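Working notes, beginning with the structure itself.
The values are calculated or read from the model by the stated rules, or taken from the named source; none is laboratory data. A quick note: this is a predicted structure, and the numbers were derived from the prediction, not measured. Cβ placement follows ideal geometry from the backbone for every residue including glycine, while neighbour counts extend to all protein chains displayed.
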Amino acid sequence: MGKQVEKEDNETDEPCCCSQRWILAYTGFFGFVFVYALRVNFSVAIVCMVKSLNSSSSNNISDINDTSSTCSGKAAEREIFNQHAEFEWEKQIQSTLLASFFYGYIVTQIPGGYLSDRFGGRRVFGTAMAVACVCTLVMPVCARVSVILVYVLRVLLGLATGVSFPAMQSMWGRWAPPLERSKLVTVSYLGTMFGNVGTFASSGYLCEYGFDNGWGSIFYITGGLACIWVVAWFILVRDTPSEHPWISEAERDYINNSIEYDNTKRSSTVPWVAIAKSPAVIACITAHVCNNWINYTLLTSLPAFMKAVLKFNIKSNGVLSALPYVCQAVSGLGVGLIADLMRSKQLLSTTGTRRLWCSIAFTGAGAFLIGTGFVSCDQRNIAVAFLSIAVMFTGFHRAGYVVNHVDFGPKYAGVLFGITNTFATVPGMVAPIVAGALTPNDSPEEWRNVFYVCAAFCVVGMVVFGFFSSGEIQEWAKDHKEILIEKPVLDTDTKL
């Protein structure tokens with residue numbers, strides 16, 4: 001009986017494509033383009049902001065080790081990095097600056113989710129992004145005044161953008177019909193990948209040809225475009241279908257009837273103890289932490305690896321650092337469509353679907369990251385291919401733990417994502433420092449250890465999520481309305 005009801009709801013003649021829920025997905029997509037553009041622009045900019053303090057010794061090492069035609073003769077190209085460099089920051093300072101974003105980012109995860117569930121994600125996300133725009137636009141001026149101001153701005157930027165995922169997840173808890181969740185959530189979060197692609201690809205060219213000594217233009221352009229998005233967000237988006245002035249009656253009824261709880265109510269209380277004891281939450285936390293160790297290691301350190309080990313110049317560095325995220329975007333979009341198809345055809349349960357894609361993601365990413373560590377500079381095209389495939393596999397998580405919060409706790413989706421992302425932000429604080437500590441000389445052998453650590457996290461994430469995750473709504477996430485409706489359905493199914 002339960003399956004029959006679900007099928008009937010799915011066959012409702014609801015509007016698609018240009019419907020308001022899809023407009024929310026498209027607007028969210030561009031929002032996350034800029035969330036990540038403002039986050040990762042510093043990772044590329046710092047490569048051409050900072051002078052190579054040991055350039056002569058590193059060049060001598062390169063001359064000795066790089067005997068192939070591919071790797072030799074790169075000293076002149078590497079001088080491009082120094083043409084626009086203005087700062088003499090030690091490697092430890094650079095690592096700390098890259099990590100400082102996450103000192104702020106971790107603080108606003110749970111508050112961002114709670115505020116979004118309580119007051120609505122529209123205001124929380126939009127206001128926070130306005131603050132992030134200001135922090136980005138003033139970065140070039142402040143960097144030339146003091147490195148301390150760079151620390152402060154990076155922390156403030158983290159505080160502001162920390163609410164983005166919990167706010168969006170909270171909104172999807174009210175907007176996404178169950179059999180469309182993977183598609184809608186995946187499309188909106190694909191913006192993170194395109195943000196990486198666009199920022200990495202363009203920043204290398206801006207660094208060499210842009211205004212304000214090249215690197216300054218990176219911050220002005222990304223910050224200015226993000227300001228335009230903030231205006232569009234407040235115009236196009238509302239917190240719930242019932243509040244939207246332009247939604248059709250058919251779409252509003254379809255969404256409200258298909259979501260498993262009263263999405264017009266604001267959550268005033270949160271079952272903190274039940275959440276803390278929930279195996280499904282623990283599984284999501286573990287998968288999120290393990291995947292983010294990989295993501296943040298690559299986001300903050302990939303340009304440095306491209307420069308130090310693979311010997312790419314700044315233009316090639318930016319474009320090739322973006323290539324893995326093109327692959328991630330394609331895989332993320334495809335897996336969302338496939339996962340929803342698997343669910344609608346009842347090929348796998350929601351739990352089985354989430355576990356399957358997380359297992360594939362962790363296995364593939366770990367294997368190809370290890371392979372990357374064994375590829376030398378004269379085979380650097382293979383290294384780029386391996387990195388691209390590894391990051392492509394991480395895109396499969398879009399049908400795994402990323403959407404899982406909305407499966408087992410849609411009423412508290414914002415808080416739940418805030419909780420898991422709080423833990424998952426720790427890798428952002430630690431991974432750049434660990435990578436810096438493991439690579440004092442930037443040798444291939446040292447970078448191999450960085451990839452070993454990533455692979456170890458893949459194993460842990462795959463095992464824990466595979467055993468403890470759940471795609472079924474948890475008892476603590478149900479309200480009175482759901483319990484009254486669902487119990488007779490379960491009893492009837494049991495008798496049959």
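Evaluating I255 against the criteria (1) touching an Asp or Glu at 6+ places or on another chain (Cβ under 9 Å); (2) modelled with pLDDT under 85; (3) buried (at least 22 other Cβ atoms within 10 Å of the Cβ); (4) under 23 Å from I106 (Cβ atoms) leaves one unmet condition, (4).
Restricting attention to segment 310-343 and to residues that are aliphatic (A, V, I, L, M), at pLDDT 75 or above and touching a Phe, Trp or Tyr at 6+ places or on another chain (Cβ under 8 Å), the residue that is surrounded by the most Cβ atoms within 10 Å (Cβ to Cβ) turns out to be A339.
A single entry from F219, F211 fulfils the requirement of being at pLDDT 85 or above, surrounded by fewer than 23 Cβ atoms within 10 Å (Cβ to Cβ) and among the aromatic types (F, W, Y): F211.
Return a yes/no flag: does segment 338-350 have any residue that is in contact (Cβ under 8 Å) with a residue 12 or more places away in the chain, in a helix (DSSP H, G or I) and aliphatic (A, V, I, L, M). If you could, list the steps in order and put the result at the bottom.
Step one: filter segment 338-350 for residues in contact (Cβ under 8 Å) with a residue 12 or more places away in the chain, giving 338-340, 343-344, 346, 349-350.
Checking which are in a helix (DSSP H, G or I) leaves us with 338-340, 343-344, 350.
The next check asks that each one be aliphatic (A, V, I, L, M); those that pass are 338-339.
Among the residues of segment 338-350, at least one is in contact (Cβ under 8 Å) with a residue 12 or more places away in the chain, in a helix (DSSP H, G or I) and aliphatic (A, V, I, L, M), which makes the answer yes.
When the residues of segment 133-168 are filtered to those that are more than 15 Å from the chain's Cα centre (by Cα) and not in a helix (DSSP H, G or I), the one that is surrounded by the most Cβ atoms within 10 Å (Cβ to Cβ) is V138.
If the condition is being free of Cβ contacts under 8 Å to residues at least 24 places away in the same chain and touching a Ser or Thr at 6+ places or on another chain (Cβ under 6 Å), then segment 374-421 contributes only F386.
Could you go through segment 354-364 and let me know if any residue there is among the small types (G, A, S), in contact with a Ser or Thr (Cβ under 9 Å, 6 or more places away or on another chain), in a loop (DSSP other than H, G, I, E, B) and in contact (Cβ under 8 Å) with a residue 60 or more places away in the chain. Spell out the reasoning first.
To start, the set of residues in segment 354-364 that are among the small types (G, A, S) comprises 359, 361, 364.
Restricting the remaining residues to those that are in contact with a Ser or Thr (Cβ under 9 Å, 6 or more places away or on another chain) gives 361, 364.
From what is left, the residues that are in a loop (DSSP other than H, G, I, E, B) are none.
No, every residue in segment 354-364 fails to be among the small types (G, A, S), in contact with a Ser or Thr (Cβ under 9 Å, 6 or more places away or on another chain), in a loop (DSSP other than H, G, I, E, B) and in contact (Cβ under 8 Å) with a residue 60 or more places away in the chain.
For first residues located in segment 142-153 and free of Cβ contacts under 8 Å to residues at least 60 places away in the same chain and closer than 17 Å to S95 by Cβ, partners that are surrounded by 15 or more Cβ atoms within 10 Å (Cβ to Cβ) and among the small types (G, A, S) and lie 6+ apart or on another chain with Cβ distances below 6 Å form the pairs V150/A143; Y151/S100.
Take the conditions (1) within 21 Å of the chain's Cα centre (by Cα); (2) crowded, with 18+ Cβ neighbours inside 10 Å; R238 misses just one of them, which is (1).
Selection of segment 273-294 for residues being crowded, with 23+ Cβ neighbours inside 10 Å and of a type in the set (S, T, N, Q) yields T286, N291, N292. Being in a helix (DSSP H, G or I), more than 16 Å from the chain's Cα centre (by Cα) and not acidic (D, E): is that true of V124 here? So V124 fits the description; yes. Being of a type outside the set (K, R), in contact with a helix residue (DSSP H, G or I) (Cβ under 9 Å, 6 or more places away or on another chain), in a helix (DSSP H, G or I) and closer than 21 Å to A322 by Cβ is a property that does not hold for A367.
Return yes when G204 is at pLDDT 85 or above and either out of contact with any Phe, Trp or Tyr (no Cβ under 7 Å at 6 or more places or on another chain) or assigned to a helix (DSSP H, G or I) (or both) and no when it is not.
Details: at pLDDT 85 or above: no; either out of contact with any Phe, Trp or Tyr (no Cβ under 7 Å at 6 or more places or on another chain) or assigned to a helix (DSSP H, G or I) (or both): yes.
Here the answer is no, as G204 does not meet what is asked.
For segment 344-369, which residues satisfy the criterion of being among the small types (G, A, S) and loosely packed, with under 15 Cβ neighbours inside 10 Å? Listed by number, the residues that qualify are S344, S349, G352.
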